[in-house]
Amino acid sequence: MAACDRGAQGARCRIAAAVAALVGASALAAQQTGPGALRWLDDPNTPYRTALSGEGLRTTLFGDPYELQPRDRRSVDTVTLGVADAMHADEGTTPYGSLYLWRRPNDRSLLRAVLAGVYDEVLFTHGPFEHGDGSFELVGTFENWTPPWSSGELIDGEVAAGERLHWGYVRAGFGCGFRGQVGPENDNQLASDLIVEPGLLYFGRADDTDPAFVVPDSTFELRVRWQLRFDQLTRNLLDLPHRGYALGADAVWGWRADSDAWGLPGTEFHSGDEGRDYVQATGYVFAIGDLPFVASERWRLFGSAHGGAGSGVDRFSAQRVGGGPDLRGQEFGTTARPLLPGAAIGEFFPEHYAIGSVGVRSELTWFAFLDAGVTVARLDRDRDEAGTRQRGDDTFVAIAARLASGFFGNFRLQIDYAYDFDVVRSGDFGGHELVVQMSKHF
């Protein structure tokens with residue numbers, strides 16, 4: 001544009017140029033912030049808001065401009081690989097990997113699957129009728145635990161070789177219930193289902209099983225399970241919970257067609273009637289929100305409570321409690337798992353338990369988060385007293401920290417460290433646990 005002349009005509013020219021520049025800037029701003037545009041994460045004119053799961057955004061990464069396109073959270077494929085190491089516990093190092101599938105093409109159908117080979121968990125629901133906020137649904141499930149290796153129970157951090165077994169289960173399920181949308185996110189749902197689960201529970205002797213050990217009967221097992229799930233969590237860019245709450249409950253009645261006496265005489269022996277019929281009820285709640293007196297989304301306060309009680313349960317039917325990766329609130333189905341940081345994965349099989357946890361999260365940068373918290377638990381566990389198995393209630397106190405971050409190639413890295421003051425390792429109280437996990441969306 002040529003320079004404007006002086007005088008009245010020049011003044012009018014300069015005003016026109018200023019108006020043109022303003023209109024051009026407004027058009028550019030509309031293009032960047034209008035419908036469908038990516039949000040500018042570092043806008044100095046608005047308070048900082050944490051990037052949310054599935055959200056597209058514009059920001060900088062290591063000083064260079066960076067754009068993250070929106071992600072469709074109705075269809076999710078995630079591969080996860082990790083290793084959990086409960087240090088100084090027998091068989092305390094557990095590698096794991098899984099494929100996670102989530103399909104919710106509409107409000108009437110849902111497929112959720114965790115596929116790991118030795119362990120698989122599938123839920124499929126379909127509402128046969130058109131509905132708005134929620135309606136009746138039919139439910140199909142499948143679950144198996146079929147490891148090709150033998151295993152034993154950790155008692156004071158050690159596995160007695162003579163009590164090792166090959167064991168596992170395969171069960172299908174069918175039922176019905178209700179499912180409805182309770183929030184704006186794809187996984188903000190209320191679901192209540194009654195499911196009948198026929199299956200096979202099998203046992204076999206390992207190479208080093210004590211000859212005197214009486215192996216439980218392989219048998220048909222029938223379970224009836226009521227399941228409640230409520231999720232109103234908003235999750236951040238790494239699918240960590242950011243605000244809201246989730247709660248749920250499970251009630252299970254089980255019956256085994258064959259249930260004779262089993263165990264090792266002189267150490268631990270069970271009559272056949274103990275586990276033929278069993279009942280168990282468990283529940284949980286998780287919540288996360290602003291840190292009091294801190295006016296910033298970069299800080300979060302969270303807490304959870306898990307509890308359960310059963311009658312007639314044994315190590316093959318009780319709710320497992322232990323360590324592993326902290327997945328509370330990260331996904332619709334993972335919050336139900338009771339977590340005891342510092343223990344080995346599935347270390348305890350209590351008849352009753354109560355676990356409370358509280359923690360704080362700091363957003364180090366838009367793609368990295370650091371958590372720290374404390375957990376207190378009360379549960380019954382087996383102890384080895386002079387060669388005799390004794391069971392009693394104990395209190396556990398644990399501290400934990402977690403770093404979750406975006407990683408090269410759009411991977412996500414999660415590192416958990418925990419120390420439990422009351423697990424037993426090498427004859428002493430106290431045990432460390434380290435978990436390293438990588439996952440990737442496709």
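Looking across the range 298-312, the residues that are within 18 Å of SER362 (Cβ to Cβ) and either part of a strand (DSSP E or B) or not assigned by TED's automatic domain parsing to the domain that holds GLY248 (or both) come down to TRP299, ARG300, LEU301, PHE302, GLY303. Scanning the range 55-97 for residues that are of a type in the set (S, T, N, Q) and touching a Phe, Trp or Tyr at 6+ places or on another chain (Cβ under 8 Å) yields THR59, THR60, SER75, THR78, THR80.
Give the residue, chosen from SER271, SER304, SER296, that is under 21 Å from HIS352 (Cβ atoms) and out of contact with any helix residue (DSSP H, G or I) (no Cβ under 8 Å at 6 or more places or on another chain).
On the way: SER304 fails: out of contact with any helix residue (DSSP H, G or I) (no Cβ under 8 Å at 6 or more places or on another chain); SER296 fails: under 21 Å from HIS352 (Cβ atoms).
The conditions single out SER271.
Considering each of ASP420, ASP382, ASP371 in turn, give the residue that is in contact (Cβ under 8 Å) with a residue 40 or more places away in the chain, assigned to a strand (DSSP E or B), more than 23 Å from TYR96 (Cβ to Cβ) and not hydroxyl-bearing (Ser, Thr, Tyr). Even if it seems obvious, please write down each step before you answer.
Values: ASP420 fails: more than 23 Å from TYR96 (Cβ to Cβ); ASP371 fails: more than 23 Å from TYR96 (Cβ to Cβ).
Result: ASP382 is the single residue among ASP420, ASP382, ASP371 that is in contact (Cβ under 8 Å) with a residue 40 or more places away in the chain, assigned to a strand (DSSP E or B), more than 23 Å from TYR96 (Cβ to Cβ) and not hydroxyl-bearing (Ser, Thr, Tyr).
Would you say ARG300 is more than 22 Å from TRP226 (Cβ to Cβ), surrounded by 15 or more Cβ atoms within 10 Å (Cβ to Cβ) and of a type in the set (Lys, Arg)? Against the criterion (more than 22 Å from TRP226 (Cβ to Cβ), surrounded by 15 or more Cβ atoms within 10 Å (Cβ to Cβ) and of a type in the set (Lys, Arg)), ARG300 qualifies. When the residues of the range 122-142 are filtered to those that are free of Cβ contacts under 8 Å to residues at least 40 places away in the same chain and assigned to a strand (DSSP E or B), the one that is farthest from GLU268 (Cα to Cα) is HIS126. Within the range 259-297, the set of residues being outside any strand (DSSP E or B) and aromatic (Phe, Trp, Tyr) comprises PHE293 only.
Comparison of ARG402, ARG389 shows that the only residue that is within 17 Å of ASP239 (Cβ to Cβ), of a type in the set (Lys, Arg), surrounded by 13 or more Cβ atoms within 10 Å (Cβ to Cβ) and touching a residue at least 12 places away in the same chain (Cβ under 8 Å) is ARG402. Residues in the range 355-379 that are surrounded by fewer than 16 Cβ atoms within 10 Å (Cβ to Cβ) and over 30 Å from LEU57 (Cα atoms): GLY356, VAL358, VAL374, VAL376, ARG378.
When each of ARG315, ARG235, ARG225 is tested for being in contact (Cβ under 8 Å) with a residue 24 or more places away in the chain, under 30 Å from ALA404 (Cβ atoms) and either assigned by TED's automatic domain parsing to the domain that holds GLY173 or outside any strand (DSSP E or B) (or both), the lone residue that passes is ARG235. Within the range 157-176, the residues that satisfy the criterion of being crowded, with 18+ Cβ neighbours inside 10 Å and not in a strand (DSSP E or B) are GLY157, ALA160, GLU163, ARG164. Scanning the range 69-80 for residues that are touching an Asp or Glu at 6+ places or on another chain (Cβ under 8 Å) and either assigned to a strand (DSSP E or B) or within 17 Å of GLN189 (Cβ to Cβ) (or both) turns up just one, ARG73.
Can you say whether VAL83 is part of a strand (DSSP E or B), modelled with pLDDT of 90 or more, assigned by TED's automatic domain parsing to the domain that holds HIS432 and in contact with a Lys or Arg (Cβ under 7 Å, 6 or more places away or on another chain), as far as the supplied structure shows? The answer is no for VAL83. Taking (1) assigned to a loop (DSSP other than H, G, I, E, B); (2) surrounded by 18 or more Cβ atoms within 10 Å (Cβ to Cβ); (3) not small (Gly, Ala, Ser) in turn, TYR245 satisfies each apart from (1). Can you find a residue that is at pLDDT 95 or above, charged (D, E, K, R) and assigned by TED's automatic domain parsing to the domain that holds PHE396 anywhere in the range 257-276? No, the range 257-276 contains no residue that is at pLDDT 95 or above, charged (D, E, K, R) and assigned by TED's automatic domain parsing to the domain that holds PHE396. Filtering the range 79-95 to residues that are buried (at least 16 other Cβ atoms within 10 Å of the Cβ) and touching a Pro at 6+ places or on another chain (Cβ under 8 Å) leaves GLY82, ALA84. Here the range 190-213 is the region considered, the condition is being over 22 Å from SER151 (Cβ atoms) and of a type in the set (Val, Ile, Thr), and the residue that is surrounded by the fewest Cβ atoms within 10 Å (Cβ to Cβ) is VAL196.
Just one of the numbered conditions (1) assigned to a loop (DSSP other than H, G, I, E, B); (2) in contact with an Asp or Glu (Cβ under 9 Å, 6 or more places away or on another chain); (3) free of Cβ contacts under 8 Å to residues at least 60 places away in the same chain is not true of GLY117: (2). Name the single residue that is nearest to PHE348 (Cα to Cα) among those in the range 417-437 being surrounded by 15 or more Cβ atoms within 10 Å (Cβ to Cβ) and among the hydrophobic types (A, V, I, L, M, F, W, C). Top of the filtered list is VAL423. Does GLN390 meet the test of being modelled with pLDDT under 95, among the polar types (S, T, N, Q) and in a strand (DSSP E or B)? Yes; evaluated as a whole, the condition is true for this residue. Which members of the range 368-407 meet the condition of being more than 19 Å from GLU347 (Cβ to Cβ) and of a type in the set (Phe, Trp, Tyr)? Selection gives PHE369, PHE407.
The values are calculated or read from the model by the stated rules, or taken from the named source; none is laboratory data. The model shown is predicted, which means the values in this text are computed figures rather than measured ones. Don't worry about glycine lacking a Cβ; one is built from the backbone with ideal geometry, like all the others, and counts go over all protein chains shown.
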